[in-house]
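For reference, the structure discussed in these notes is given below.
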Amino acid sequence: MRYIMTMFWAFALGQVVGFLGGALSSQPYDFVLTTIFSLICGVLVIILGTIFTPKKTQN
């Protein structure tokens, strides 16, 4: 479930950043390109989260 929520928030926040970035730089807003880029960033966040999670040791 946490992966689904991560992808949802990556999509939502990516769209906001893409829209604002396009508006501030006077470029047209591209929904498809922004979606692809934001979901790739979401996957990278998931991968980095699993790599850098400390392993539980048993005593």
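A simple packing score, the average count of other Cβ atoms within 10 Å per residue, orders the peptides 15-28, 46-59 as 15-28, 46-59, with the highest score first. Taking each DSSP H run with n ≥ 4 as -39500 (n - 2.57) and averaging over every residue of the chain yields -26000 deg cm²/dmol at 222 nm.
Measuring from centroid to centroid over Cα atoms, what is the spacing of the stretch 1-16 and the stretch 23-59 in Å? Result: 8 Å between the Cα centres. Our summary gives the chain a relative contact order of 40 percent, counting only alpha carbon pairs under 8 angstrom and 6 or more residues apart. Evaluating 6.51 cos²θ - 1.76 cosθ + 1.60 at θ = phi - 60° for every residue in the stretch 7-13, the Karplus couplings come out as 5, 4, 5, 5, 5, 5, 5 Hz, glycine and proline recorded as x. Couplings 3J(HN,Hα) for the stretch 30-46, derived from phi with the Karplus relation 6.51 cos²θ - 1.76 cosθ + 1.60 (θ = phi - 60°), are 10, 5, 5, 5, 5, 5, 4, 5, 5, 6, 5, 5, x, 5, 5, 5, 5 Hz, where x marks Gly and Pro.
Each value in this text was obtained by applying a stated rule to the coordinates, not by laboratory testing. Just so you know, these numbers come straight off a predicted model, no measurement behind them. Quick reminder, even Gly has a Cβ in these numbers, built from the backbone with ideal geometry, and neighbours come from all protein chains shown.
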